[in-house]
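The values are calculated or read from the model by the stated rules, or taken from the named source; none is laboratory data. Because the structure is predicted, anything quoted here is derived from the model rather than measured. Virtual Cβ from ideal backbone geometry, glycine too; neighbours counted across all protein chains shown. Note: areas computed on protein heavy atoms with side chains; ligands, DNA, RNA excluded. Shrake-Rupley method; radii C 1.70, N 1.55, O 1.52, S 1.80 Å.
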Amino acid sequence: MYVYKVSVFLSVILLLGGGFMYYQNDIHPSKMPLYTLSNGEKTIKFQAMSHIGRKSFYRKVELDISRAKTAGYVLFYE
């Protein structure tokens, strides 16, 4: 009986944890900010990154990089 109760408890924990991770990653992913610093003469933009992200996140980063290149920014990569 003890093993059964422990296995049910662990199954519930895994389901709750899995549901939380699914929600955070697929349903409501965090937004990575784009920071802009300027002293009036020069402007620096920092693109926050995520090493595990959705395709839509990386498409947005590609679009931001393309726009920066078109605007004449110098780009540095991680």
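Observations on the structure shown:
- The chain - charge dipole about Cα centre, Lys and Arg +1 at Cβ, Asp and Glu -1, debye rounded to 20: 140
- Normalised by residue number, the volume inside the convex hull of the Cα atoms of the chain is 117 Å³ per residue.
- 0 to 90° range, to nearest 10: angle between helix 2-22 axis and the chain longest Cα axis: 20
- Accessible area of the chain divided out per residue, in Å², using a probe of 1.4 angstrom: 94
- Once the Cα atoms are used to define both axes, helix 55-70 deviates from the longest principal axis of the chain by about 10 degrees.
- Net lengthening on full extension, Leu37/Ile52 (0.36 nm per residue, minus Cα-Cα): 2.8 nm
- Whichever lysines have a C-alpha closer than 23 Å to that of Lys45, once near sequence neighbours (fewer than 8 apart) are set aside: Lys31, Lys55, Lys60, Lys69
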